[in-house]
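One structure is given here, and the rest of the page talks about it.
The values are calculated or read from the model by the stated rules, or taken from the named source; none is laboratory data. Owing to the predicted nature of the structure, the values given are computational and were not obtained by experimental measurement. Because the Cβ atoms are built from the backbone with ideal geometry, glycine has one as well, and the counts that use them run over all protein chains shown.
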Amino acid sequence: MRLATREALTGFRKSPLLSVLGIVTIAFSLFAFGLFALVALNIRSALRTVEERVEIRAFVADGTSPEAIATAMGDIGSFPEVLRVTYVSPEEALVRAKRELREFSDVFESGFLPGSMDIRLRPGFRDPTTVKAVAERASTYEFVDDVRYGQEWVEKLYRLRTLATFAGLALGAAFALVAVIIIGATIRTAVLARSREIAIMRLVGATDGFVRMPFLIDGFVKGVLGGLLALAMTWFASETISRHMIRTEFFDARIAALGVLAGALIGLLGSLFSVGRHLKEV
Amino acid sequence: MIRFQGVGKEYPRTGIALSHITFHVRKGEFAFLTGPSGSGKSTILKLAYMEEKPSHGDVRVSGLSARGASRREIAKLRRKLGIVFQDFRLLEDRSAEANVAFALEVTDTPKAAIQPKVHRVLAQVGLASKATSFPRELSGGEQQRVAIARALVNDPFVLIADEPTGNLDDRATRGIFQLLRDINATGTAVLMATHDLDLVRRTDHRVIELNHGRIVYDSAEAPADAPAGPIQGDTE
Ligand SMILES: Nc1ncnc2c1ncn2[C@@H]1O[C@H](COP(=O)(O)OP(=O)(O)O)[C@@H](O)[C@H]1O
Ligand SMILES: [Mg+2]
């Protein structure tokens, strides 16, 4: 194993340019993936905050009797998904609207503010489907004019997250493919540069596995280096965004380690594909 | 040991290199393979160390049949063979002892066992004093001794030599040849390809002569009182 490691390092010495190129391509592959993963991750935590605030507002028609409202609130309060229901009178609504006029601006601008039953859901029941289901049930009361919740916003975020995930996967996969090809080329160069040694190894009875080992270690080491580089680049990007734009969350240690492992896998794949083919030529 | 049974070999582009080759090299035997250039000597040796597979017939070496031998089995077989060539095939960037040690390092030999073995074989080939020399600092004969030391270090049961004296002057040739005979005297079989007829005539070892990919003479098959056969004839 020590011998194999030493032999692996000669790969770097014999073709430093191609080696660096291989590492950088792996890094870019994972960086592309990492950036989009970062976007997806931050959208997810944004979603969580949004979900925490999710409230369904069932606007009550003017002149509805307090008894009817109380009965309805009792019903709704007993739904298993519902945490609590509060009544907001037209007067309170006006005060609140002045504070957060953005989201309900059209209602505000209409000049009349209706009272509403504000429904808060239990944690775990704040996904778009459940929200929608509860909202629909609330709208079945005759005196409920309109039901609103952050529907569009939540759904948009969900869609954005899916998009970020797929874009990251596609771009990352494209770079990974290029990385595999470049690593393959460096391994090919290394194999040819050492064809004499390999021929002698064969002659004295080294097994294929033994002959292959240094090249696999070579690819693995390049992959790990590429992975670490990608991690550094992604972290730097995340820090820059945090400092100049919005606060972002970074991967936890487990995901970061997984990223480096993915690099190792790309490097290993590149050398595996190449070494099997070229060892037969020498 | 080494047994060829009805072996034929065809190469993709050049066609038939060997046909109807049958012979058996026994334990501890010394056998010459002679014949003009292109007659198939190297091909027979490649079949013996399973670098090539026979197109017809079978080659069995130490119980392993070339038909269906896995790459792993072939690797394991080669640890029990010593192979040397005309061009030595040493690694230029390593000392003599490192070249010999290489054969042990790549075949899972425990590290502690390597040094003593290397020194023993270097002494055996008469190069104990040049262990740290690099190939370029050694004469052709000395380089071939390093190659032979490397071939011997795994205690092979047979030494396969393809024109081992082909690049050497007369003096070095005699030295290497004597070394091979000494090695044979310790019980290691030797199968040596050569077109140096002087060398062959000087001894009474077995001679297998090839021409156009066929065995035209085998001293082990010839009657005891037969003349020395085509050896005196028109090789080359
Ligand atoms: N790798 C090869 N590919 C194609 N033809 C070969 C190869 N090796 C040898 N030959 C052919 O096989 C024949 C025997 O060659 P070889 O065994 O090298 O003879 P020798 O060692 O007696 O000179 C020659 O005609 C040669 O051209
Ligand atoms: Mg030859």
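Output the residues belonging to the stretch B:81-102 that are within 16 Å of ligand 2 (Cβ to nearest atom) and closer than 24 Å to B:GLY187 by Cβ.
Quick first cut of the stretch B:81-102, residues within 16 Å of ligand 2 (Cβ to nearest atom) only: B:83-89.
Hits for the stretch B:81-102 are B:ILE83, B:VAL84, B:PHE85.
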Problem set entry | Residue among B:GLY57, B:GLY35 that alone is more than 17 Å from B:VAL190 (Cβ to Cβ) and away from ligand 2 (no atom under 16 Å from the Cβ) | B:GLY57
Exercise. For the stretch B:74-85, what are the residues that are touching a residue at least 60 places away in the same chain (Cβ under 8 Å) and more than 7 Å from chain A (Cβ to nearest Cβ)?
Worked result: B:LYS80, B:LEU81, B:GLY82, B:VAL84, B:PHE85
Seminar exercise, completed: Filtering the stretch B:148-166 down to residues that are in a loop (DSSP other than H, G, I, E, B) and buried (at least 24 other Cβ atoms within 10 Å of the Cβ) yields B:VAL153, B:PRO164
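Taking the condition on the phi < 0 side of the Ramachandran plot, assigned to a helix (DSSP H, G or I) and either surrounded by 19 or more Cβ atoms within 10 Å (Cβ to Cβ) or within 16 Å of ligand 2 (Cβ to nearest atom) (or both), does B:LEU179 pass? Quick ask: steps written out before the conclusion?
On the way: on the phi < 0 side of the Ramachandran plot: yes; assigned to a helix (DSSP H, G or I): yes; either surrounded by 19 or more Cβ atoms within 10 Å (Cβ to Cβ) or within 16 Å of ligand 2 (Cβ to nearest atom) (or both): yes.
Here the answer is yes, as B:LEU179 does meet what is asked.
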For this session: Would you be able to say whether some residue in the stretch B:64-80 is touching a strand residue (DSSP E or B) at 6+ places or on another chain (Cβ under 7 Å) and either within 24 Å of B:ASN184 (Cα to Cα) or crowded, with 23+ Cβ neighbours inside 10 Å (or both)?
Result: yes
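Looking for whichever is within 12 Å of chain B (Cβ to nearest Cβ) and part of a helix (DSSP H, G or I) here; the options are A:MET233, A:MET213. Which one fits? Step through it out loud before you land on a result.
Details: A:MET233 fails: within 12 Å of chain B (Cβ to nearest Cβ).
Sole residue among the options that is within 12 Å of chain B (Cβ to nearest Cβ) and part of a helix (DSSP H, G or I): A:MET213.
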Seminar exercise, completed: Restricting attention to the stretch B:145-164, the residues that are away from chain A (no Cβ under 14 Å), closer than 30 Å to B:GLY63 by Cβ and more than 16 Å from ligand 2 (Cβ to nearest atom) number exactly 0
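Tally the residues that are outside any helix (DSSP H, G or I) and acidic (Asp, Glu), restricting the search to the stretch A:24-70. Talk me through it step by step, then tell me what you get.
Filtering the stretch A:24-70 down to residues outside any helix (DSSP H, G or I) leaves A:54-65.
Then drop every residue that is not acidic (Asp, Glu), which leaves A:55, A:62.
The qualifying residues number 2.
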Problem set entry | Candidate set from the stretch B:89-114 (those that are among the charged types (D, E, K, R) and over 19 Å from the mean Cα position of the chain (by Cα)); member that is nearest to B:SER129 (Cα to Cα) | B:GLU97
Problem set entry | Residues of the stretch B:182-199 satisfying the condition of being surrounded by fewer than 21 Cβ atoms within 10 Å (Cβ to Cβ), within 16 Å of the chain's Cα centre (by Cα) and within 16 Å of ligand 2 (Cβ to nearest atom) | B:HIS195, B:ASP196, B:LEU199
Seminar exercise, completed: Note on the stretch A:180-210: residues surrounded by 19 or more Cβ atoms within 10 Å (Cβ to Cβ) and within 8 Å of chain B (Cβ to nearest Cβ) are A:GLU197, A:ILE200, A:MET201, A:ARG202, A:LEU203, A:VAL204, A:GLY205, A:ALA206, A:THR207
For this session: Looking at (1) within 16 Å of ligand 2 (Cβ to nearest atom); (2) free of Cβ contacts under 8 Å to residues at least 24 places away in the same chain, find the lone condition where B:GLY63 falls short.
Result: (1)
For this session: Among the numbered conditions (1) free of Cβ contacts under 8 Å to residues at least 60 places away in the same chain; (2) away from ligand 2 (no atom under 16 Å from the Cβ); (3) more than 10 Å from chain A (Cβ to nearest Cβ), tell me where B:LEU168 comes up short.
Result: (2)
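So for the stretch B:132-147 (the condition being within 21 Å of B:ALA75 (Cβ to Cβ) and either among the aliphatic types (A, V, I, L, M) or not in a helix (DSSP H, G or I) (or both)), does at least one residue qualify?
We begin by selecting, within the stretch B:132-147, every residue within 21 Å of B:ALA75 (Cβ to Cβ); these are B:147.
Cutting the leftovers down to either among the aliphatic types (A, V, I, L, M) or not in a helix (DSSP H, G or I) (or both) gives us B:147.
Yes, some residue in the stretch B:132-147 is within 21 Å of B:ALA75 (Cβ to Cβ) and either among the aliphatic types (A, V, I, L, M) or not in a helix (DSSP H, G or I) (or both).
Filtering the stretch B:54-63 down to residues that are under 17 Å from the mean Cα position of the chain (by Cα) and of a type outside the set (A, V, I, L, M, F, W, C), which residue is surrounded by the most Cβ atoms within 10 Å (Cβ to Cβ)? Working first, answer last.
Of the stretch B:54-63, the ones under 17 Å from the mean Cα position of the chain (by Cα) are B:59-62.
Checking the rest, the ones that are also of a type outside the set (A, V, I, L, M, F, W, C) come to B:60, B:62.
Working: B:ARG60: 16, B:SER62: 14.
So, considering only residues that are under 17 Å from the mean Cα position of the chain (by Cα) and of a type outside the set (A, V, I, L, M, F, W, C), the one surrounded by the most Cβ atoms within 10 Å (Cβ to Cβ) is B:ARG60.
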Seminar exercise, completed: The residue that is surrounded by the most Cβ atoms within 10 Å (Cβ to Cβ), considering only those in the stretch B:86-113 that are modelled with pLDDT under 95, under 26 Å from B:GLU73 (Cβ atoms) and more than 10 Å from every other protein chain (Cβ to nearest Cβ), is B:THR109
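Identify the residue in the stretch B:5-53 that is among the β-branched types (Val, Ile, Thr) and either within 14 Å of chain A (Cβ to nearest Cβ) or near ligand 1 (Cβ under 8 Å from one of its atoms) (or both) and, among all such residues, is surrounded by the fewest Cβ atoms within 10 Å (Cβ to Cβ). Lay out the reasoning, then the answer.
Here is the first cut: in the stretch B:5-53, the ones among the β-branched types (Val, Ile, Thr) are B:7, B:14, B:16, B:21-22, B:25, B:34, B:43-44.
In the following step, the residues that additionally are either within 14 Å of chain A (Cβ to nearest Cβ) or near ligand 1 (Cβ under 8 Å from one of its atoms) (or both) were identified as B:14, B:43-44.
Details: B:THR14: 8, B:THR43: 22, B:ILE44: 29.
Once the filter is applied, the top-ranked residue is B:THR14.
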